[in-house]
1. Of the numbered conditions (1) assigned to a helix (DSSP H, G or I); (2) at pLDDT below 95; (3) touching an Asp or Glu at 6+ places or on another chain (Cβ under 7 Å), A:Gly244 fails exactly one; give the number of that condition.
2. Quick one: would you say A:Leu280 is open to solvent by 30 Å² or more (accessible area, probe 1.4 Å) and either under 18 Å from the mean Cα position of the chain (by Cα) or not aromatic (Phe, Trp, Tyr) (or both)?
3. Which of the residues that make up the range B:74-113 are within 13 Å of A:Leu67 (Cβ to Cβ) and of a type in the set (A, V, I, L, M)?
4. Just for the range A:189-228: of the residues that are outside any helix (DSSP H, G or I) and out of contact with any helix residue (DSSP H, G or I) (no Cβ under 9 Å at 6 or more places or on another chain), which one is nearest to the other protein chains (Cβ to nearest Cβ)?
5. State yes or no: is B:Arg163 within 13 Å of the chain's Cα centre (by Cα) and either more than 10 Å from chain A (Cβ to nearest Cβ) or not β-branched (Val, Ile, Thr) (or both)?
6. Name the single residue that is nearest to B:Lys132 (Cα to Cα) among those in the range B:30-63 being hydroxyl-bearing (Ser, Thr, Tyr), within 9 Å of another protein chain (Cβ to nearest Cβ) and touching an Asp or Glu at 6+ places or on another chain (Cβ under 8 Å).
7. So, restricting to helices (runs of 4 or more DSSP H) that lie completely within the range B:107-205, which ones have at least 1 residues that are in contact with a helix residue (DSSP H, G or I) (Cβ under 6 Å, 6 or more places away or on another chain), of a type in the set (Asp, Glu) and open to solvent by 60 Å² or more (accessible area, probe 1.4 Å)?
8. Out of (1) touching a residue at least 60 places away in the same chain (Cβ under 8 Å); (2) open to solvent by 30 Å² or more (accessible area, probe 1.4 Å); (3) within 11 Å of chain B (Cβ to nearest Cβ), the odd one out for A:Val7 is which?
Amino acid sequence: MHPAFSVIFLTTLIGVGQGLFLALYTGQLYSVIKVLPVQDSPGFYGYGSLLALVFLVGGLFSSFFHLGRPERAWRSAAKWKTSWLSREVIVLPAFMGTTFIYSMIHISGWNPVLFSLSDALVVDLSLFVGGINMVLAFALFICTAMIYACVKFLQEWATPLTVVNYVLLGMASGFALSTAFASYVESDLIHFYGGWAIVLTVAAFITRSASLIRNNNIKYKSNLSSAIGIRHTSIKQKAQGSMGGSFNTREYFHGAKPSLFKSIKWIFLVLAFVVPVALLTSALATDMFILFLLAFIVQYIGLMAERWFFFAQANHPQNLYYQSL
Amino acid sequence: MTQLALVIDLNVCVGCHACVTSCKEWNTSGTAGYMSDYNPYDKDPTGTFFNRVQTFEVGEFPNTQTVHFPKSCLHCEEPPCVPVCPTGASYKRELDGIVLVDYDKCIGCKYCSWACPYGAREIDENQKVMKKCTLCVDRIYDETLPESERKPACVLACPTSARLFGDVNDPDSNVSEQIRDNGGYQLMPEWGTKPANHYLPRRKTNITIHRDELTRVDNPLNKERQLPMPDDDDQTLDDIMSW
């Protein structure tokens, strides 16, 4: 497939936003059960989730560039019963809205206690709203990934690993950002977030490598014989029905040289996994904000390369009709 | 339930592209807006088409066959492009099984084109909506046309009658008969999309004649046993009389 930068930005940016919110909410949840120290409410959870919102808005903004008719985007919420894209279109704004409410609860300080499960476990409004938002965050990961995983004849995508990778890669980048954020506001959660960022990055490395290995050994169901229905071992295409190319020759081929295509794989493996883990490890040892920030930026660039490769690697069966490309 | 479709006979298609041009001519003149072209008279011409003809060479010289392969939307009975559409712009008509795009609802997200294994959908770079074969839905029901012309433009244009149009769910229709009798098949059946359009394979026209069929069985002379049957290499009256 031809990787569209609008979709690359959309999926990576909202992944960071979701991951960052999940990191912040995990911090709050742990502090409620007294595993972690309580943070400054407006400064940490409030502004932190606003930062997550910035990434989500950026992703949503970028997604409009993918549409031929962005002014009709509102129509895309119609077919949520059948279309994962439609579900994403509903869940993304819902998640953004709830993230904003969560952030405002912390910043305004209006956070009434709703109920208490025991003396130690008091559920206030922010914890409740955050809980709903956590569900939305995971729902959004699933919607985004299922858009790709549900297209069964794009065999590189049609695997549960796609969903696992979207969740883990988004969370890894979000936790990396939360580490940098915690370092910036000088919170004592740096090591908690940093540790989890490393764990999630390593986990994502394992599952993404698993999907790379799977895709290396993929057996394609369709071939030229089944595409045109002629059983023969030697079929050569002589004409493809257009002189200067068509939508079919532009949309479904990445167009990069094989050497570039291969090198992007190694580039993303290094930038999204190896370098961030090294940077995070050294940053945790030195507690330098700039290293945490660098770890996040490098990982984000790596994830953009990862997403480019994700699209480029998918081999659409319609390409069988365009043998000479 | 009616399922209108095309049956394309690869045995007689000569690859003349008459279906391509007549499709483009009819559909670019329709009320749904023209099908845009870029550089039509220049280097690298490109544009939106509902139908394209490709050519394949099967086998190694000298045992080769040139197969011209017209390719358009197959109007699947289980169209994978329809459920993925977020707006409902892509739909399959209950009435006749035609898969259509509502150009006023389409947001041009291209997801349906990803979900079509055949690459039958093309985005119109000018209108920015997804377009595809409509089976000339604006023509086949037009009662101002004589009944013989209520067929898709490509079918009417084909000089070798390689394109047949009809209801593939009606066992008595011409298309069903052709599929049955001439080994009609579907493209990429492995994906379970159940394409309504069928293709008829290349085939040789053979006739088997047995030896006894060369002899006239109801020869009255033979019947009445008046004369013995001449041997095969003997001269007969016919051999002497013919010039």
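1. (1)
2. no
3. B:Ala89, B:Ile107 - these are the residues of the range B:74-113 that are within 13 Å of A:Leu67 (Cβ to Cβ) and of a type in the set (A, V, I, L, M).
4. A:Lys219
5. Against the criterion (within 13 Å of the chain's Cα centre (by Cα) and either more than 10 Å from chain A (Cβ to nearest Cβ) or not β-branched (Val, Ile, Thr) (or both)), B:Arg163 qualifies.
6. Top of the filtered list is B:Thr48.
7. In the range B:107-205, no matching helices (runs of 4 or more DSSP H) lie anywhere.
8. If we test A:Val7 against (1) touching a residue at least 60 places away in the same chain (Cβ under 8 Å); (2) open to solvent by 30 Å² or more (accessible area, probe 1.4 Å); (3) within 11 Å of chain B (Cβ to nearest Cβ), just (2) comes out false.
The values are calculated or read from the model by the stated rules, or taken from the named source; none is laboratory data. Remember, predicted model here, so these are calculated numbers, not experimental data. As a convention, Cβ positions derive from the backbone with ideal geometry for all residues, glycine included, and neighbour counts pool all protein chains shown. The area values use the complete protein model at the heavy-atom level, side chains included, leaving out ligands, DNA and RNA. Shrake-Rupley method; radii C 1.70, N 1.55, O 1.52, S 1.80 Å.
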